[in-house]
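The values are calculated or read from the model by the stated rules, or taken from the named source; none is laboratory data. Everything numeric in this text was worked out from a predicted model, so none of it was measured. Reconstructed Cβ throughout: ideal geometry from the backbone, glycine too, with neighbour counts over all protein chains shown. Ligands, DNA and RNA are stripped out before the accessible areas are found, and what is left, the full protein with its side chains, is counted by its heavy atoms. Shrake-Rupley method; radii C 1.70, N 1.55, O 1.52, S 1.80 Å.
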Amino acid sequence: MKYSSPGTADQLSQSLSDAWNAEIQRNYQNILKGQLNDHNNRSPDFSIDPTSVGHTSSARITWFGSPAEPEFCQNKTVAQELSDWGSQGRHGVQNEYCEYAVIWRTDTKANLRPKRVEVTTELREYWCVLAMQDPAFTRELAARVLGIPVSYHDLYGMDNPEALTETQRLVSFSKYVAGNGQQDNIPKTVGPDPIGSLNNQRALFMSHPINGLDDLIYIVMFGAYPYAVKDDAGNLGPARREDIFTAYDVKHLSCRHADPAAAMGAYGAVNCGQTVAFTDPLGMYIRDFSAAKYSYRNNPIPASWIRYSRGAATMYQRLEFGPSDQEDAFLDDIVVSDGVNDLPVTGGYQVVQNIEVGPPISIGDPKAIDPTTRLILPTAAPIVCAQAEVCKQTIAPLKEQYDRAHGGVRVAGFRQ
Amino acid sequence: MPIQEGIYYRQEQRPGCSFAILFFRAQPEATAQSVSVALTALWQMYANLKAGSVRDLPNHPVPANNLSTLLGFGTKAFSLKGAARTAPEALSLSFRSPLPTGGGQLLVGSGLSYDPTVSDNLATEEFAVQFIADNDLSVYRAIVETWKMERDGLLPSLQMGAFYTGFQRDDGRSWIDFHDGVNNLRSDERDGVIRIAASGDPKETWTVDGTYLAFIRVSVDLASWRGIVQERQSTVVGRDKLTGCPLTAISAGSGLVVAAGCPPAGKNEFDDQFRDASAAVDATVALSHIQRANHRLGPPDDPGSARVYRQGFEFFERDAAAPGFRAGLNFVSFINTPERLTKVLTTATWLGSTNFGGEINQDGGLQLLSVLAAGVYFVPPTEAGFPGRSALTS
């Protein structure tokens with residue numbers, strides 16, 4: 001079977017549809033090789049073809065879109081600071097398959113203020129396929145999504161992408177819009193972050209390397225094995241996150257919202273003997289947004305300030321939150337209530353905190369699992385996320401850069 | 001430092017059947033130092049009670065009945081003059097006050113509101129003490145002995161506030177006659193949900209091994225509930241009323257569809273394998289209470305999973321309004337961040353904007369539950385003197 005465009009947002013030509021499905025297959029085959037290698041040649045209880053898992057129902061696998069790592073490593077205040085730190089924050093910590101950009105405007109007093117937030121869960125690989133195959137379609141689509149004129153120069157750094165090969169278009173598009181996605185087929189001269197403004201100052205699609213199609217397929221397949229652990233008496237029991245992530249030396253993935261939710265969600269189904277597959281259309285979606293927590297002048301915010309697109313209900317890939325340019329209000333005129341706190345919305349973190357994202361997953365009928373087919377794992381120690389390598393390697397240095405950029409000095413501990 | 005007693009989260013532990021929570025306010029002139037002196041004396045008295053020793057009955061011990069005591073610090077405790085610590089950041093995720101005219105949302109985005117008769121929330125004082133014991137006498141005795149100390153001037157700077165009592169049921173059900181507390185955490189999952197673990201934030205190191213107590217006293221409108229036919233009640237809850245089997249679908253032809261194999265052969269109710277409801281349910285069942293309250297997200301120790309450890313107690317009291325009594329639940333949860341609970345109560349696809357569950361509760365529908373009192377307290381780890389002593393006096 002063939003997957004539709006993510007969110008069925010686009011009517012694709014046959015060639016574009018074929019190219020998108022070929023990209024899905026390419027990633028799947030690469031990941032499968034890795035899984036077979038890691039699991040003694042054993043396939044996961046996963047099918048890339050959802051029609052093959054028989055009578056299916058849906059499994060709800062979602063997580064909140066706010067970055068977990070800076071919160072685990074430091075605290076929520078730091079998580080908000082770093083996440084809201086423009087493109088540096090986006091590229092540094094927005095790795096929960098939910099990225100955003102804040103649109104800034106000047107008010108009547110010449111103050112630069114946040115006007116609205118663009119949230120995207122669109123997959124980089126999808127846009128790369130479009131850009132490789134059909135520059136005209138890509139340009140028209142980007143213009144429609146962003147609501148501004150888009151030139152080939154914005155997308156490819158040159159005016160005639162038709163003169164380039166598909167590979168050259170991919171490289172150029174990655175350089176200016178998509179980032180390298182840590183893809184092997186992109187030269188090292190292309191950095192992980194795009195250099196053009198289209199997907200830096202705006203959120204056209206996800207560009208963080210971790211928010212990729214390959215990682216999504218990987219993490220669901222990784223969880224789709226009938227893992228088990230033995231207790232002291234030799235009885236089999238369900239494996240926990242730390243058992244699974246430690247056994248396969250991927251503890252670094254366990255201190256996020258996305259990967260444990262996806263892997264353990266798949267495992268939960270497989271543990272009931274259910275085969276797992278991505279529901280068509282394969283993609284990452286905004287599953288819900290708790291708009292009731294926001295108010296404007298003590299009233300619910302206007303419905304027109306919540307604009308979904310690029311999909312359909314529970315499968316949108318884009319959310320624009322806040323007033324349009326034609327309106328006098330700004331994002332920070334909106335209040336979000338959390339407990340007793342009523343705070344102005346000053347950035348996107350306070351929006352994605354209340355967004356749930358996730359891939360729709362189909363699961364087959366449950367069946368009994370032969371205990372002899374279980375993958376027995378050693379019982380692992382709890383994973384202490386505050387001590388994860390990412391805290392030292394990524395979060396602490398980013399926080400230092402942030403503090404230098406903002407001239408901040410932190411004083412902690414007792415009352416002064 | 002160990003977590004305080006009164007949280008029965010280990011596999012072999014069960015709470016006693018009697019509960020009380022007593023609130024203390026600081027006197028206007030109180031300082032952290034003077035309150036510390038009072039709490040030290042109070043905690044010693046409780047220790048004596050737990051050993052069977054009553055102040056007025058020296059050398060004539062009484063049964064202790066496994067009394068446990070647990071001390072919580074409200075936000076206001078950290079505002080006492082001279083307090084060594086500032087309030088943990090997470091305590092700001094507390095409940096809102098009722099409206100002066102009565103009622104009002106518990107949290108913005110929540111479907112829970114205060115009862116219209118409630119214009120003052122009596123569960124928001126500086127301190128709270130939870131008592132649990134095997135019988136009512138031991139719990140009430142603890143409150144009376146506290147009053148005696150206050151009356152005798154032995155608790156300068158502290159004043160007793162309101163208290164609420166409750167009891168455990170022995171049938172595994174609640175006042176709406178459905179099984180309750182079924183989907184609580186497995187014992188091996190609880191520590192990661194309850195205990196505050198070390199984070200990278202040095203400001204919060206002192207809270208490690210503590211937890212947060214979230215308390216909501218919830219009244220149930222049994223008269224309205226009785227007006228709903230049984231099958232519909234089941235769609236609201238998400239379980240079959242009699243068997244407790246989790247629902248998977250509502251079929252036009254055959255009505256309620258429960259999980260395959262439930263109840264197991266030879267049994268007339270669910271068993272352990274059906275404690276967790278499946279995620280594979282139809283759109284109607286997806287709106288039910290048990291589906292909303294737990295989305296089976298990620299590992300429980302991730303606050304994003306929004307799992308909470310519940311240790312609730314029912315209540316039943318006389319009331320002037322018809323039907324002459326009020327029944328409900330003292331919802332008590334222990335969580336390493338109140339965000340777990342606020343997320344459950346305010347997120348749209350969870351219990352956000354719904355009073356209990358089911359489409360009839362959605363967006364201002366049937367108000368089955370109303371809040372009589374609510375509060376969030378930081379529960380410090382144990383230490384000499386009383387838990388949290390070093391948060392008041394360095």
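Residue count for the stretch B:262-274 satisfying the condition of being within 13 Å of chain A (Cβ to nearest Cβ) and either open to solvent by 40 Å² or more (accessible area, probe 1.4 Å) or outside any loop (DSSP other than H, G, I, E, B) (or both): 3. Number of residues in the stretch A:364-379 that are surrounded by fewer than 18 Cβ atoms within 10 Å (Cβ to Cβ) and away from every other protein chain (no Cβ under 12 Å): the value is 9.
Yes or no: the stretch A:231-250 includes at least one residue that is closer than 30 Å to B:Ser353 by Cα and in contact with a strand residue (DSSP E or B) (Cβ under 8 Å, 6 or more places away or on another chain). Scanning the stretch A:231-250, I find no residue that is closer than 30 Å to B:Ser353 by Cα and in contact with a strand residue (DSSP E or B) (Cβ under 8 Å, 6 or more places away or on another chain), so the answer is no. Put simply, of B:Ser224, B:Ser219 the only residue that is closer than 23 Å to B:Asp115 by Cβ, away from chain A (no Cβ under 14 Å) and in a helix (DSSP H, G or I) is B:Ser224. Taken as a whole, the structure places B:Pro299 among residues that are part of a loop (DSSP other than H, G, I, E, B) and open to solvent by less than 20 Å² (accessible area, probe 1.4 Å).
Within the stretch A:307-343, the only residue that satisfies the criterion of being open to solvent by 40 Å² or more (accessible area, probe 1.4 Å), among the β-branched types (Val, Ile, Thr) and under 25 Å from the mean Cα position of the chain (by Cα) is A:Thr314. When we screen B:Thr205, B:Thr235 for residues that are open to solvent by 40 Å² or more (accessible area, probe 1.4 Å) and not in a loop (DSSP other than H, G, I, E, B), the only hit is B:Thr205. Considering each residue of the stretch A:397-416 in turn, none proves to be open to solvent by 30 Å² or more (accessible area, probe 1.4 Å), within 14 Å of chain B (Cβ to nearest Cβ), in contact with a strand residue (DSSP E or B) (Cβ under 6 Å, 6 or more places away or on another chain) and assigned to a loop (DSSP other than H, G, I, E, B). Counting only helices (runs of 4 or more DSSP H) that fall entirely inside the stretch A:73-140 and contain at least 2 residues that are touching a Phe, Trp or Tyr at 6+ places or on another chain (Cβ under 6 Å), the qualifying elements are A:76-83, A:124-133. Summed over the stretch B:172-189, residues that are within 13 Å of another protein chain (Cβ to nearest Cβ) and either of a type in the set (Gly, Ala, Ser) or part of a helix (DSSP H, G or I) (or both) total 3. Applying the set (1) free of Cβ contacts under 8 Å to residues at least 60 places away in the same chain; (2) not in a loop (DSSP other than H, G, I, E, B) to B:Asn330 leaves exactly one unmet item: (1).
Screening B:Gly358, B:Gly388 for residues that are more than 14 Å from chain A (Cβ to nearest Cβ) and either open to solvent by 10 Å² or more (accessible area, probe 1.4 Å) or farther than 19 Å from B:Glu89 by Cα (or both) leaves exactly one candidate, B:Gly358.
Among the numbered conditions (1) away from chain A (no Cβ under 13 Å); (2) polar (S, T, N, Q); (3) without any contact (Cβ under 8 Å) to a residue 40 or more places away in the chain, the only one that B:Thr248 does not meet is (1).
Of all the residues in the stretch B:151-184, those that are under 19 Å from B:Ala123 (Cβ atoms) and not hydrophobic (A, V, I, L, M, F, W, C) number 5. In a strand (DSSP E or B), open to solvent by less than 10 Å² (accessible area, probe 1.4 Å) and of a type in the set (Gly, Ala, Ser) - does that describe any residue in the stretch B:66-77? Yes, the stretch B:66-77 contains a residue that is in a strand (DSSP E or B), open to solvent by less than 10 Å² (accessible area, probe 1.4 Å) and of a type in the set (Gly, Ala, Ser). Which members of the stretch A:150-188 meet the condition of being open to solvent by 60 Å² or more (accessible area, probe 1.4 Å) and out of contact with any helix residue (DSSP H, G or I) (no Cβ under 6 Å at 6 or more places or on another chain)? Across the stretch A:150-188, the qualifying residues are A:His153, A:Asn160, A:Glu162, A:Ala163, A:Thr165, A:Thr167, A:Gln168, A:Lys175, A:Asp184, A:Asn185, A:Lys188. Contact annotation: residue pairs with Cβ atoms under 7 Å, 6 or more positions apart or on different chains, pairing a residue in the stretch A:39-62 that is buried (at least 19 other Cβ atoms within 10 Å of the Cβ) with a partner that is of a type in the set (Phe, Trp, Tyr), are A:Pro44/A:Tyr225; A:Asp45/A:Tyr225; A:Ile48/A:Tyr28; A:Pro50/A:Phe278.
Would you point out which residue out of A:Gln201, A:Gln168 is under 26 Å from A:Ser309 (Cα atoms) and of a type in the set (S, T, N, Q)? A:Gln201 is the lone residue from the list that is under 26 Å from A:Ser309 (Cα atoms) and of a type in the set (S, T, N, Q). The residue that is nearest to A:Ala261 (Cα to Cα), among those in the stretch B:302-332 that are in contact with an Asp or Glu (Cβ under 7 Å, 6 or more places away or on another chain) and away from chain A (no Cβ under 14 Å), is B:Leu329.
Which residues, taken from the stretch B:281-296, are within 13 Å of chain A (Cβ to nearest Cβ) and either open to solvent by less than 20 Å² (accessible area, probe 1.4 Å) or without any contact (Cβ under 8 Å) to a residue 12 or more places away in the chain (or both)? Scanning the stretch B:281-296 gives B:Ala283, B:Val285, B:Ala286, B:Gln291, B:Arg292, B:Asn294, B:His295.
Would you confirm, using the coordinates I've provided, whether A:Gln201 is without any contact (Cβ under 8 Å) to a residue 60 or more places away in the chain, open to solvent by 10 Å² or more (accessible area, probe 1.4 Å) and away from every other protein chain (no Cβ under 14 Å)? No: the conditions fail for A:Gln201. Which ones in the stretch A:109-128 are open to solvent by 10 Å² or more (accessible area, probe 1.4 Å) and either among the acidic types (Asp, Glu) or free of Cβ contacts under 8 Å to residues at least 12 places away in the same chain (or both)? Those that are open to solvent by 10 Å² or more (accessible area, probe 1.4 Å) and either among the acidic types (Asp, Glu) or free of Cβ contacts under 8 Å to residues at least 12 places away in the same chain (or both): A:Lys109, A:Ala110, A:Asn111, A:Leu112.
Condition check: open to solvent by 30 Å² or more (accessible area, probe 1.4 Å), more than 14 Å from chain A (Cβ to nearest Cβ) and not in a strand (DSSP E or B). Does B:Leu242 satisfy that? Judged against the criteria, B:Leu242 is a match.
The set of residues in the stretch B:94-105 that are surrounded by 23 or more Cβ atoms within 10 Å (Cβ to Cβ) and within 12 Å of chain A (Cβ to nearest Cβ) comprises B:Ser94, B:Phe95. Restricting attention to the stretch A:205-225 and to residues that are out of contact with any Pro (no Cβ under 9 Å at 6 or more places or on another chain) and part of a loop (DSSP other than H, G, I, E, B), the residue that is surrounded by the most Cβ atoms within 10 Å (Cβ to Cβ) turns out to be A:Met206.
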